[in-house]
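Down below is the structure, laid out as structure tokens.
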């Protein structure tokens, strides 16, 4: 039986990223740098903030499909089959997963997926947690 989990863009991660960029701007302004290094630093942080804010935190993956223990991650550029994920961090809302995959003729690669509370629908979150417990032998 195949189940699909839709992954949405997270507004919480967007706000956290913008807040951290704002803190970086404040830190640069409060340092005793001369004008030119301060302006260069501010340009870099502002450029990063605009890129982050325009794109928001979007996972490159839009959907996770699970079928018979095989996980497939769907992205705009295509799909990849990955190993069942390792749970790198998990609490009531935030989940960080690490997947391994190998493309033909290449070495093994790792992919990370960060899921905030608003990244998944409630039912999708339950399905994911059920699979994570099964993959980890009940420990997740």
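Looking at 41, 34, 10, can you tell me which residue is surrounded by 16 or more Cβ atoms within 10 Å (Cβ to Cβ) and at pLDDT 90 or above? Show your work before the answer.
Working: 34 fails: surrounded by 16 or more Cβ atoms within 10 Å (Cβ to Cβ); 10 fails: at pLDDT 90 or above.
It is 41.
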| message | Please go through (1) under 18 Å from the mean Cα position of the chain (by Cα); (2) more than 18 Å from residue 6 (Cα to Cα) for residue 124 and return the number of the only condition it doesn't satisfy. | response | (2)
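Condition check ((1) surrounded by 13 or more Cβ atoms within 10 Å (Cβ to Cβ); (2) without any contact (Cβ under 8 Å) to a residue 12 or more places away in the chain; (3) assigned to a loop (DSSP other than H, G, I, E, B)) across all residues:
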| residue | (1), (2), (3) |
| --- | --- |
| 5 | yes, no, no |
| 51 | no, yes, no |
| 63 | yes, no, no |
| 84 | yes, no, yes |
| 89 | no, yes, no |
| 96 | yes, no, no |
| 106 | no, yes, yes |
| 109 | no, yes, no |
| 114 | yes, no, no |
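So, residue 73, is that one modelled with pLDDT of 90 or more and either part of a helix (DSSP H, G or I) or under 30 Å from residue 134 (Cα atoms) (or both) or not?
Working: modelled with pLDDT of 90 or more: no; either part of a helix (DSSP H, G or I) or under 30 Å from residue 134 (Cα atoms) (or both): yes.
Criteria not met by residue 73.
Taking the stated definitions as given, is residue 124 under 15 Å from residue 8 (Cα atoms) and part of a helix (DSSP H, G or I)? Lay out the reasoning, then the answer.
Values: under 15 Å from residue 8 (Cα atoms): yes; part of a helix (DSSP H, G or I): yes.
Yes, satisfied.
The values are calculated or read from the model by the stated rules, or taken from the named source; none is laboratory data. This is a predicted model, so every value here is computed, not measured. In this analysis, Cβ positions are derived from the backbone assuming ideal geometry, glycine residues included, and neighbour counts consider all displayed protein chains.
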